[in-house]
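Worksheet: one structure, shown below.
Please treat every number below as a calculation from the coordinates, not as lab data. Everything numeric in this text was worked out from a predicted model, so none of it was measured. Cβ placement follows ideal geometry from the backbone for every residue including glycine, while neighbour counts extend to all protein chains displayed.
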Number of protein chains: 2
Amino acid sequence: MKVRIHVSLKPGVLDPQGRAVHHALEGLGYEGVNDVRIGRLVELDVADDTSDAALEAMCEELLANMVIENYRIEKVQP
Amino acid sequence: MKVRIHVSLKPGVLDPQGRAVHHALEGLGYEGVNDVRIGRLVELDVADDTSDAALEAMCEELLANMVIENYRIEKVQP
């Protein structure tokens, strides 16, 4: 089973990487960009019988820093 | 308009970060994980009249390294 975990910074947490990309896009001449935030995309290939609870535990223990990040679990249909 | 850009390594490109996370998940006792790959998630807030061509140009010029990475553009419904 393929699972995508979207990890993004919580609102209000400063994102220097996003600011750098925003600045670079403006420098390259792209207009109309209001905000850029950078997160992580973790693509897991797990056994079909992996429970939702196990996936949430992986996120909270290792994949996301729950103090500053949110995660969203998306199961990819085969 | 909110746009999510999913940037992931092309198949066959070595992913040391993914291997490290895979190893860590096994070390923490999670079973049934076959593969882990790590990508980036770029969340853009752009003007509503931004064209698809402009978004693709941003990806190919700055957001993704087209030699080793693929990207996918997802428009988020408000």
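Mind checking which residues of the range B:1-39 are farther than 25 Å from residue A:53 by Cβ and in a strand (DSSP E or B)?
Listed by number, the residues that qualify are B:2, B:3, B:4, B:5, B:6, B:7, B:8, B:9.
Considering only the range B:21-29, I want to know if a residue exists there that is closer than 23 Å to residue A:35 by Cα, among the β-branched types (Val, Ile, Thr) and free of Cβ contacts under 8 Å to residues at least 60 places away in the same chain.
Scanning the range B:21-29, I find no residue that is closer than 23 Å to residue A:35 by Cα, among the β-branched types (Val, Ile, Thr) and free of Cβ contacts under 8 Å to residues at least 60 places away in the same chain, so the answer is no.
For residue A:48, all conditions in the list (1) more than 13 Å from the chain's Cα centre (by Cα); (2) under 29 Å from residue B:56 (Cβ atoms) hold save one; what is the number of the exception?
Only one criterion is unmet by residue A:48, namely (2).
Quickly run through the range A:40-53 and pick out the residues that are under 19 Å from residue B:20 (Cα atoms) and assigned to a helix (DSSP H, G or I).
The answer is none; no residue qualifies.
Identify all residues within the range B:30-69 that are in contact (Cβ under 8 Å) with a residue 24 or more places away in the chain, within 7 Å of chain A (Cβ to nearest Cβ), surrounded by fewer than 20 Cβ atoms within 10 Å (Cβ to Cβ) and over 16 Å from residue A:41 (Cα atoms); write none if there are none.
B:45, B:47, B:50
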